[in-house]
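Report on the structure given below.
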Amino acid sequence: MPTLVNYSGDENLCHGGSIFSTLMDTSLLLSLGSHVDVYYPPLKRSRVTAPFVFNGDMFRKTKQVSIDVLPDECFFEIFRRLPSGQERSACASVSKRWLMLLSSISKDEVCSNESAQSIIEVVSDKIDESSKLNKQSEFASKDNETIIEEKTEDIECDGYLTRSLEGKKATDIRLASIAVGTGSRGGLGKLIIRGSNSTRGVTNIGLSAVARGCPSLRALSLWNVPSIGDEGLIEIAKGCNKLEKLDLCQCPISDKSLFAIANNCPNLSQITIESCPMIGNEGLQAIGKCCLNLQSIAIKDCPLVGDQGLTSLLSSASYTLKRVRLQALDITDISLAVVGHYGRAIDDLVLTGLQKVSEKGFWVMGNAQGLQKLKVFTITSCRGVTDLALEAVGKGCPNLKQLCLRKCSFLSDNGMAAFAKTVASLENLQLEECNRITQSGVLSALSNIRSQLKVLSVVKCMGIRDMVSDFVSLSPCKSLRSLTIRDCPGFGSASLAMVGRLCPQLQHIDLSGLSGVTDAGFYPLLENSETGLVKVNLNGCIGITDAAVSTMVRLHGTTLQLLSLDGCKNVTDAGLFAIAVNCSVLQDLDVSKCTVTDRGVAALSCAKELQLQILSLSGCSQVSDESVPYLNNMGQNLVGLNLQHCNAMSCSKIDQLVGNLWRCDILA
């Protein structure tokens with residue numbers, strides 16, 4: 001510092017003026033005033049960094065050359081000349097801009113000529129450089145979106161590709177990458193979108209990209225996609241003429257979309273519309289008139305759909321329509337009359353929550369004699385289902401194989417008996433929450449449909465009471481193979497004994513939730529079974545004891561494959577001893593919340609013929625660590641083991657089991 005203060009020379013001191021000859025040069029470093037003296041120490045010099053080029057004693061800045069300076073029109077012309085999907089996918093990986101440009105090119109606009117290869121060579125030199133620059137700027141966000149179809153479901157289904165996007169993964173960028181990437185892999189055949197990203201969800205832009213890039217699309221499913229509109233679906237209709245299946249749920253689209261689908265997709269065979277409040281009669285009329293291959297329709301909770309649209313659709317597709325599902329619609333008896341008259345090809349019919357349809361509608365539908373091919377009929381929460389209506393259905397549907405009645409509160413035993421006498425070929429009868437049907441109605445169905453009935457299911461029918469009926473007047477039902485009586489608190493031992501005597505060919509039994517059933521009622525069913533029980537479910541039957549279990553396995557141990565005793569607290573180790581001795585083909589055993597101990601588990605482990613694959617001991621509080629060696633011995637065959645809520649077993653022993661039985665799925 002003293003040297004600097006006492007210095008008197010001027011060879012290192014510049015007085016006034018600028019050290020550069022032009023103002024352009026001064027702007028490259030510091031803007032120096034014309035009357036400022038700057039001291040330059042001998043060992044200090046200004047830092048010069050790229051992109052500066054030294055030319056003599058002058059510096060000049062050069063602009064970086066980048067392909068991104070080209071306008072979109074040039075890129076469009078370049079991209080559409082790429083000869084194959086591999087090159088297009090490589091270019092789409094560079095940036096979102098390139099991806100969206102590629103997704104805007106339709107198949108008709110792609111050209112293939114000899115000059116394409118030269119363009120490839122020019123573009124490919126720039127891809128690596130541009131990729132490095134863009135990856136840092138565009139793909140650095142935390143929830144980065146994959147450009148070329150990463151993390152999307154890739155399934156080969158019936159010869160074409162399937163893509164599924166759900167929740168946050170459903171964005172326009174992913175749809176664009178799907179549209180570009182699947183072109184070289186055989187084409188996209190099925191697209192499923194469930195939900196949408198809350199900030200960057202699927203819009204018309206994404207659907208338009210699919211429409212341009214996936215002309216082979218045959219099935220489209222859109223559930224809860226609020227950001228799309230008619231514009232996107234219209235583009236799909238124009239670009240995807242091979243569309244066969246359309247599933248729309250909670251989408252804000254109108255009849256305009258259905259007009260476009262009807263006019264551009266003649267191969268449409270299946271359409272499902274649910275909770276689309278803007279779709280009305282006009283769209284359904286267009287579908288019926290233009291889609292001559294329509295085989296299945298399902299319409300639910302669409303307030304603008306009425307008799308006019310539905311009757312037009314049904315009458316237009318009377319020779320092709322096979323499956324019809326109508327739920328929560330504002331339709332009347334007129335629609336059901338049209339179903340009965342024009343449903344010549346219908347074999348599966350589902351009617352749910354049709355509150356304005358009366359007894360007359362069902363009666364006319366049955367007597368119209370048009371449902372000759374109907375095989376499966378499901379009715380839920382329809383007030384018009386009465387005794388008279390059900391009898392008419394039985395007469396008008398001679399080929400009916402399966403009937404399911406749920407929450408039909410006006411149906412009684414008289415209607416059940418009349419239907420049983422008229423129906424000719426019923427094989428499966430399901431009754432759920434039909435509270436006016438009693439034991440008499442169930443026994444009448446068993447006795448009168450005796451030649452064909454194979455499956456009977458009665459669930460939550462509170463009108464059933466345990467009473468003794470005239471067994472002599474009832475004919476046995478030797479065709480019944482499966483019996484389900486579940487959660488009917490009035491069904492007891494007397495009713496079960498009578499059913500057991502009427503049905504000697506039972507193989508599958510489900511009596512879960514019947515707390516009134518005891519050993520005394522179960523014995524007749526076991527003793528009258530001629531073919532041998534295969535599957536038995538007694539969950540929640542607290543009246544069943546070891547005696548009934550022992551009798552069952554003694555009589556049916558050579559055929560029994562599944563036995564579920566969940567909640568049968570009166571079943572103890574004695575029942576397990578009998579199972580171990582008598583069961584040779586049992587594969588699935590559930591003794592959850594039974595009074596079993598380590599001794600019972602040991603008996604199962606020592607059984608020579610028993611080869612269990614699934615064992616559930618959930619809630620067995622007396623099963624302890626002593627059972628671990630026995631469970632290890634059973635590990636060769638076990639594929640499923642439930643030890644939840646076995647509080648007497650330590651975590652270390654359970655971990656040991658998990659390590660030893662690595663092939664077994666253990667719940668603990």
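The values are calculated or read from the model by the stated rules, or taken from the named source; none is laboratory data. Values in this document were obtained by computation on a predicted structure and should not be read as measured data. Because the Cβ atoms are built from the backbone with ideal geometry, glycine has one as well, and the counts that use them run over all protein chains shown. The protein model used for the area step is the full one, side chains on, heavy atoms only, and it has no ligands, DNA or RNA in it. Shrake-Rupley method; radii C 1.70, N 1.55, O 1.52, S 1.80 Å.
For ASP301 and SER652, compute 0.36 nm times the residue count separating them, minus their Cα-Cα distance, and round to one decimal in nm. Don't jump to the answer; show the numbers that get you there.
Working: separation 351, 0.36 × 351 = 126.36 nm, distance 5.32 nm.
Stretched fully, the ASP301-SER652 segment lengthens by 121.0 nm.
Between SER409 and GLN611, the modelled labels are 5.3 nm apart [label points 7 Å from Cα along Cα→Cβ]. For LEU426, no residue whose modelled amide H falls within less than 5 Å of its own remains once neighbours fewer than 5 places apart on the same chain are excluded.
A 1.4 Å probe run over the protein chains yields, for region 388-493, 40 Å² of accessible area per residue, whole-number rounding.
Share of region 160-233's accessible area from carbon and sulfur, percent, 1.4 Å? Before the final figure, lay out the partial values.
Values: 1190 of 2400 Å².
The value for region 160-233 is 50 percent carbon and sulfur by accessible area.
Using Cα centres only, tell me the gap between region 267-298 and region 213-242 in whole Å. That distance is 15 Å.
How large, in percent, is the carbon and sulfur part of the accessible surface of region 531-667 at a probe radius of 1.4 Å?
Ligands and nucleic acids excluded, carbon and sulfur reach 48 percent.
Annotation: amide H of VAL225 has no partner in the under-5 Å range at sequence separation 5 or more or interchain, hydrogens built in the peptide plane.
Per residue, the solvent-accessible area of region 343-387 (1.4 Å probe, heavy atoms of protein chains only, all protein chains present) comes to 39 Å². Across region 515-524, rounded Karplus estimates of 3J(HN,Hα) from the backbone phi angles (6.51 cos²θ - 1.76 cosθ + 1.60, θ = phi - 60°) give 6, x, 7, 10, 4, 4, x, 7, 4, x Hz, Gly and Pro being marked x.
Would you mind working out the accessible area per residue for region 503-638, using a 1.4 Å probe, and quoting it in Å²?
Heavy-atom accessible area per residue stands at 37 Å².
Quick one: pull the percent of accessible area on region 389-509 belonging to carbon and sulfur, 1.4 Å probe, ligands and nucleic acids left out. Carbon and sulfur: 46 percent of the exposed surface of region 389-509. The distance between label points at THR484 and ASN632 comes to 4.1 nm (points 7 Å beyond Cα on the Cα→Cβ vector).
Using R0 = 41 Å, the C-beta based FRET efficiency linking THR531 and ASP330 works out to 0.25.
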